[in-house]
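Q: Can you read through this structure? Questions will come right after.
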Amino acid sequence: MTDHTLHIDDMGRRGEGIAHQDGRAIFIPGTLPGETVRAAGDGERLALGEILEASPDRESPFCKHYGRCGGCQLQHWKEESYRNWKMSLVEQALSARGLEAKVSGIIDAHGTGRRRVALHVRRRDGGVTAGYMEARSHRLLDIDTCPILEPALDRAFDIGRLIGVRLGDCDVALTSTLTGLDVSVKAERKFFAQEHANLASLVSELRIARLSVNGEVIATAVTPRIATGCAEVALPPGGFLQATAEGEAVLARLVQDGVGKSKSVADLFCGTGPFAFRLAERGKVEAYDSDRAAIAALQSAVKSTPGLKPLVAAARDLFREPLVPNEMKGFDAVVFDPPRAGAEAQAKQLARSAVNTVVAVSCDASSFARDAEILVGGGYALKQVTAVDQFKWSSHVETVAVFRRER
């Protein structure tokens with residue numbers, strides 16, 4: 001393995017320092033721009049050996065697992081430079097599509113921590129390990145605590161290990177809700193009906209709200225519920241929600257500000273309604289998502305939430321069957337918040353529509369920039385871009401953008 005002494009010129013989009021050697025880019029995790037380091041290895045990614053000259057922006061990580069754990073990449077970077085870099089990720093993605101736009105700011109949405117976590121659980125050598133994969137590795141790192149999680153998830157790793165004792169190798173997803181922890185397990189082996197009673201005892205033993213295994217609800221002590229604006233929604237097993245409660249609130253506020261006084265709004269890729277319920281406090285909302293369980297939960301919550309303007313929801317695969325211009329004639333504004341792949345098909349239909357305002361929410365800068373290019377090409381002007389940091393100390397950044405039709 002070759003040793004290299006290198007100067008770090010820039011930060012890559014994955015949170016790795018970039019050096020240059022013989023005309024090629026070299027990526028070194030754990031480094032910062034301006035540093036001189038010794039690194040080992042061959043190829044385009046090297047392992048950090050020693051920091052010879054540290055950046056003034058370097059600080060001590062607060063997590064004892066940092067550096068080995070693959071979860072966080074940037075605890076060693078001071079806040080101001082880290083925030084500027086995250087905003088630059090969005091600006092660079094837009095620039096690559098020919099769109100010159102400044103991010104108006106970045107909002108820290110970590111709040112009290114992440115309210116959902118996914119663990120790997122493995123039985124090895126007579127014991128059970130629960131944790132995250134090591135950085136750039138398939139080795140499992142045993143974790144006792146994770147300081148970026150909500151306090152309600154402090155027991156997550158102990159719960160994972162206890163589940164591993166009973167179920168063997170599995171992945172365990174835990175979500176903090178108003179009524180307790182919702183636990184969803186993806187086990188390597190199948191479980192038969194006669195085993196359910198034995199598995200059901202885990203709910204009381206672990207003091208959790210609900211246990212699901214391989215997509216099937218095994219037992220429910222109390223229905224997991226989440227607060228969504230003025231509503232409480234029963235969370236479907238394995239259901240999606242924003243990583244932090246603060247993140248949901250910040251994104252929703254930016255969406256509300258973006259649609260302004262619009263009286264009729266379409267909420268696309270709506271999930272369980274984090275935007276829909278808040279928007280329906282002001283005007284009429286139609287909500288669509290391909291997740292039938294999420295739509296059913298939204299519809300049920302509508303019935304028990306007073307004071308809303310008309311809010312209707314329907315299951316629809318917007319990748320294969322996006323809303324077309326004729327269907328959007330009655331809307332003053334459209335909001336879309338797709339998965340990481342973006343909303344290319346829907347953006348193309350919006351570009352042909354007469355909708356005045358479009359608010360795009362995205363967890364991926366590249367797919368967001370592609371969709372933004374489509375909208376601008378269809379006559380929209382990109383009026384405002386805001387970054388939201390709910391995946392703190394990672395390379396992930398959320399974006400909320402407001403588009404107004406100009407032609």
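Nothing in this text is a laboratory measurement; each read-out follows from the coordinates by a stated rule. Because the structure is a prediction, the values reported are computed rather than measured. Cβ placement follows ideal geometry from the backbone for every residue including glycine, while neighbour counts extend to all protein chains displayed.
Q: Kindly indicate the residue of region 34-43 that is surrounded by fewer than 17 Cβ atoms within 10 Å (Cβ to Cβ) and in contact with a strand residue (DSSP E or B) (Cβ under 6 Å, 6 or more places away or on another chain) and also nearest to Trp85 (Cα to Cα) among those meeting that condition.
A: Thr36
Q: Sticking with this one: Is it the case that some residue within region 240-256 is crowded, with 22+ Cβ neighbours inside 10 Å and over 20 Å from the mean Cα position of the chain (by Cα)?
A: no
Q: Condition first: without any contact (Cβ under 8 Å) to a residue 24 or more places away in the chain and touching a Cys at 6+ places or on another chain (Cβ under 9 Å). Now tell me which residues in region 108-138 satisfy that.
A: none
Q: Could you list, in sequence order, all residues of region 78-130 that are at positive phi and under 20 Å from the mean Cα position of the chain (by Cα)?
A: Gly105, Gly111, Gly113
Q: Let me ask something additional. Can you name every residue in region 39-77 that is over 16 Å from Asp9 (Cβ atoms), without any contact (Cβ under 8 Å) to a residue 40 or more places away in the chain and touching a Ser or Thr at 6+ places or on another chain (Cβ under 8 Å)?
A: Within region 39-77, just Ala40 meets the criteria.
Q: Determine which single condition Arg166 fails, assuming it passes every other condition in (1) touching a strand residue (DSSP E or B) at 6+ places or on another chain (Cβ under 8 Å); (2) surrounded by 14 or more Cβ atoms within 10 Å (Cβ to Cβ).
A: Result: Arg166 fails condition (1) only.
Q: State yes or no: is Ala19 assigned to a strand (DSSP E or B) and either within 22 Å of the chain's Cα centre (by Cα) or buried (at least 19 other Cβ atoms within 10 Å of the Cβ) (or both)?
A: Yes: the conditions hold for Ala19.
Q: Taking only region 254-281 into account, find how many residues are closer than 18 Å to Val355 by Cα, touching a helix residue (DSSP H, G or I) at 6+ places or on another chain (Cβ under 8 Å) and either part of a strand (DSSP E or B) or not hydrophobic (A, V, I, L, M, F, W, C) (or both).
A: Number of matching residues: 5.
Q: When you scan region 144-190, how many residues do you find that are outside any strand (DSSP E or B), over 25 Å from His65 (Cα atoms) and in contact with a helix residue (DSSP H, G or I) (Cβ under 9 Å, 6 or more places away or on another chain)?
A: The qualifying residues number 4.
Q: Under 6 Å between Cβ atoms, at least 6 apart or on separate chains: pull out the pairs that start in region 292-320 with a residue that is under 17 Å from Ala234 (Cβ atoms) and end on any residue that is surrounded by fewer than 19 Cβ atoms within 10 Å (Cβ to Cβ) and basic (Lys, Arg).
A: Pairs found: Ala315/Arg292.
Q: Another question, then. From the list Leu311, Leu382, which one is surrounded by 17 or more Cβ atoms within 10 Å (Cβ to Cβ) and more than 23 Å from Ala101 (Cβ to Cβ)? Lay out the reasoning, then the answer.
A: On the way: Leu382 fails: more than 23 Å from Ala101 (Cβ to Cβ).
Just a single option satisfies the conditions, and that option is Leu311.
Q: Within region 52-62, identify whether any single residue is of a type in the set (Ser, Thr, Tyr) and more than 30 Å from Phe368 (Cα to Cα), and answer yes or no.
A: Within region 52-62 (the criterion being of a type in the set (Ser, Thr, Tyr) and more than 30 Å from Phe368 (Cα to Cα)), the answer is yes, since at least one residue qualifies.
Q: For region 175-195, give me the residue count where each residue is hydrophobic (A, V, I, L, M, F, W, C) and crowded, with 24+ Cβ neighbours inside 10 Å.
A: Adding up the residues that qualify gives 2.
Q: What pairs come up if the first residue lies in region 219-236 and is closer than 12 Å to Ile208 by Cβ, the second is among the acidic types (Asp, Glu), and their beta carbons are under 8 Å apart, counting only those six or more places apart or on different chains?
A: As it stands, the answer is Pro224/Asp182, since those pairs meet every condition given.
Q: Moving on to the next point. Which of the residues that make up region 294-338 are acidic (Asp, Glu) and over 13 Å from Leu268 (Cβ atoms)?
A: Asp332
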